[in-house]
1. Can you tell me the convex hull volume per residue for the range 101-170, based on C-alpha atoms, in Å³ to the nearest whole number?
2. How large is ³J(HN,Hα) for each residue in the range 167-180, as worked out from phi by the Karplus curve 6.51 cos²θ - 1.76 cosθ + 1.60 (θ = phi - 60°), to whole Hz, x for Gly and Pro?
3. Between Met1 and Gln25, what is the spin-label point distance in nm, taking each point 7 Å from the Cα along the Cα→C-beta axis?
4. Under 5 Å between amide hydrogens, which residues at least 5 positions from Ile232 or on another chain qualify, with H placed 1.01 Å from N in the peptide plane?
5. If each residue of separation counts as 0.36 nm, what is the full-extension length gain between Glu127 and Ser255 once their alpha-carbon separation is subtracted?
6. Quick check: from the Cα gyration tensor, does the range 124-267 come out rounded (a/c under 1.5), prolate or oblate?
7. Per the 1.4 Å probe, what fraction of the accessible area of the range 101-170, in percent, lies on carbon and sulfur atoms?
8. From the backbone phi of the range 147-163, what are the Karplus-calculated ³J(HN,Hα) couplings (6.51 cos²θ - 1.76 cosθ + 1.60, θ = phi - 60°) in whole Hz, Gly and Pro given as x?
Amino acid sequence: MSLLQVNNVTHSYGATNRFWRAGRQKTVLSDVSLSIEQGQCLGLLGTSGAGKSTLGKVILGLEKPLKGQILFQGVDLYETNPSTRRRLRRDLQAVFQDCYSSVNPRMNAEQIIGEPLRNYERLSPNEHRRSISMLLESVGLSPEDRGKYPHQFSGGQLQRINIARAIALKPKLIVLDEAVSSLDMVNQTHVLHLLDELKTSFGLSYLFITHDVKAACSLSNSLVVMEKGEVIESCEDQSQLIASSHPTVKKLLESILSEHPRSRSIN
Ligand SMILES: Nc1ncnc2c1ncn2[C@@H]1O[C@H](COP(=O)(O)OP(=O)(O)O)[C@@H](O)[C@H]1O
Ligand SMILES: [Mg+2]
């Protein structure tokens, strides 16, 4: 059984039963299927507007699809009872692109990272404190950073805080929606490295949503490319992506392969 199975998901925004509006709806996801195995990273590539973030929201239980199924650990996320759904939700976390708007500016690092722990765990003050220290250390920050507020961190550091919050409950799957896209190249490389390490040490799985082929290839085990709400390519590894004959995939690859015309390698 796959950790996550997306089966024939179709979605459009503003769906209504009123027939006179039906013609105006744009299908944002069309019959999308994919799966993620435990401990694996699936890279979800595509240009802006392809439907990647919508699919991320559908997987996170935030946007009920018009058709199709999201099976997480074998359970249909939208058909199960509220208590099972709450239990599944703790295993399903997210990190988004905008690290500053993902946090409450009036909360310090300890409060931000501790939020899921307060919601789901009953820890003593000492255990809570210890957990925060360990989480800060596992994302390469210091326990002394616990009292700092978002504006006292750089973008790269704050994204580490968001990652610490996402791993606080030891989830099974993290949806990373353009999570490194707004970072400069150095921070991007560091955070990608950190994500790779956490994946191994915590046995995490990722849905790594990005428009950046290079970033996708550096972290992902397998890759899916979307265009206009449809999956246009599914690859087991980056060599299959490079060999793709789909014009959109070729275009995505052109920009980075031209940097290495001889090696035709992405990394
Ligand atoms: N909340 C929303 N309401 C209406 N349309 C939306 C909403 N969110 C996204 N869309 C539209 O859905 C399409 C896919 O968007 P999105 O999933 O954000 O794509 P991507 O993440 O690949 O850039 C776009 O045409 C976008 O304008
Ligand atoms: Mg997006």
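The values are calculated or read from the model by the stated rules, or taken from the named source; none is laboratory data. This structure is a prediction, so every number in the text was calculated from the model and none was measured. Every residue, glycine as well, gets a Cβ built from its backbone with ideal geometry; the counts of neighbours run over all protein chains shown. Ligands, DNA and RNA are stripped out before the accessible areas are found, and what is left, the full protein with its side chains, is counted by its heavy atoms. Shrake-Rupley method; radii C 1.70, N 1.55, O 1.52, S 1.80 Å.
1. 79
2. 9, 3, 9, 6, x, 8, 10, 10, 8, 9, 9, 6, 5, 10
3. 3.1
4. Val225, Met226, Glu227
5. Result: 41.2 nm gained on full extension.
6. Prolate is the answer for the range 124-267, as a/c is 1.5 or above and a/b outweighs b/c.
7. C and S fraction of accessible area: 46 percent.
8. x, 7, 9, x, 5, 8, 10, 6, x, x, 5, 5, 5, 5, 4, 4, 5
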